[in-house]
Structure formats: structure tokens, C-alpha cells
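J.: Pasting a structure below so you can have a look.
The values are calculated or read from the model by the stated rules, or taken from the named source; none is laboratory data. Nothing here was measured: the structure is a model prediction, and the numbers come from that model. Here the Cβ is made from the backbone with ideal geometry for all residues, glycine too, and neighbour counts use every protein chain on show.
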Amino acid sequence: MKIVDLSYLKRHFKDIKEAYTVREIIEEAKSVFFQKILANVKILPVETKYIKEVIKKAKEVGVLDYLSRADIKLCALAYKYRDIAIMFTNDLYIQNLCYFLGVKFEGDQKIEYAKIFRYVCPKCGVISERPICPKCGSIADRKVVKALKI
């Protein structure tokens, strides 16, 4: 089962005979050109429970702020069908999240390391999931706190 995002679809539309996505990806493709490309792409619904699980994992990994609502729903669709699905995306944050969700992924360029991000306060050193330090109120720097070789 091939699940595609818009970035991958733009580059490989001639090769795609059948694929799946979510409504939000179709809505991102407003032009007539993309509507023709999407002829071989079917929309599948995704339940709220999968969306919630993906949001929870994206928070744990530290990538939630870098994903659109469409990205989250697409990851939820791939997570729902993780036993048979492969996510086709060139978005490195989506690939990173897929790794931690246990979803297979492909892309023109693939991540070499799956990373967990956190914010580190440059003044007091507090590590947090938020960009503002909860201890001193300073703007924290986003850092990789763990990298796993894929």
C-alpha cells in the first residue's frame, strides 16, 4: 500500500499507478495540473484515535511544531496501515516521525539518523519540550538529544 505526500507526488506522478492519501493533501493541490496528477490517488479516512497517537509521538520526538495538520493526518493514515503501508515522502521530519511510529518509508533522499529533539536553555541549561525555558523564561535552542543510526 503506497501512501504519498504532495512533495513526493510532484516528483513521481508519472510513476504512480495507485496510491493513497488524506483529504488535506488533495486540498493542498489546488491547481488543475495537480488535479490531473491526483487521478490515481485515492482518499482514505483516518480515525481520531490514530491522529491522537501520532500527535503524542510527534511531541515525544520533538517534531510536532514542524508538521502541518495534513502531515499529521497523513502519518496517522500510514500508522493505521503500518503493517502493509509504506510512506513515500521527501519530508525529512515525516520520515523521522515514521521511524518512531514503526512505519516503513521511502523517499528520494532518506534520513540516515532518526532524531529526538528538545529545547535547551542557553542560560540555565534546562531541557524542555517548549521553546521558552520554563525556569528562567529565556528562548531555548533546539537540539538533537538522541540520534539513532537507521
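J.: Taking only the stretch 60-79 into account, find how many residues are within 9 Å of the chain's Cα centre (by Cα) and assigned to a loop (DSSP other than H, G, I, E, B).
T.: The qualifying residues number 3.
J.: Could I ask something else about it? Any residue at all in the stretch 24-44 that is within 11 Å of the chain's Cα centre (by Cα) and surrounded by 13 or more Cβ atoms within 10 Å (Cβ to Cβ)?
T.: No, the stretch 24-44 contains no residue that is within 11 Å of the chain's Cα centre (by Cα) and surrounded by 13 or more Cβ atoms within 10 Å (Cβ to Cβ).
J.: Something else now. Based on what the data block shows, is I139 over 17 Å from E60 (Cβ atoms), touching a Pro at 6+ places or on another chain (Cβ under 8 Å) and among the β-branched types (V, I, T)?
T.: yes
J.: So G137 ticks every box in (1) farther than 16 Å from D65 by Cβ; (2) modelled with pLDDT of 95 or more but one. Which box is left unticked?
T.: If we test G137 against (1) farther than 16 Å from D65 by Cβ; (2) modelled with pLDDT of 95 or more, just (2) comes out false.
J.: Pairs needed: first member in the stretch 67-85, of a type in the set (V, I, T); second member anywhere, in a helix (DSSP H, G or I); C-beta distance under 6 Å; at least 6 residues apart or different chains.
T.: Taking only residues 6 or more apart or on different chains, the pairs are I72/V54.
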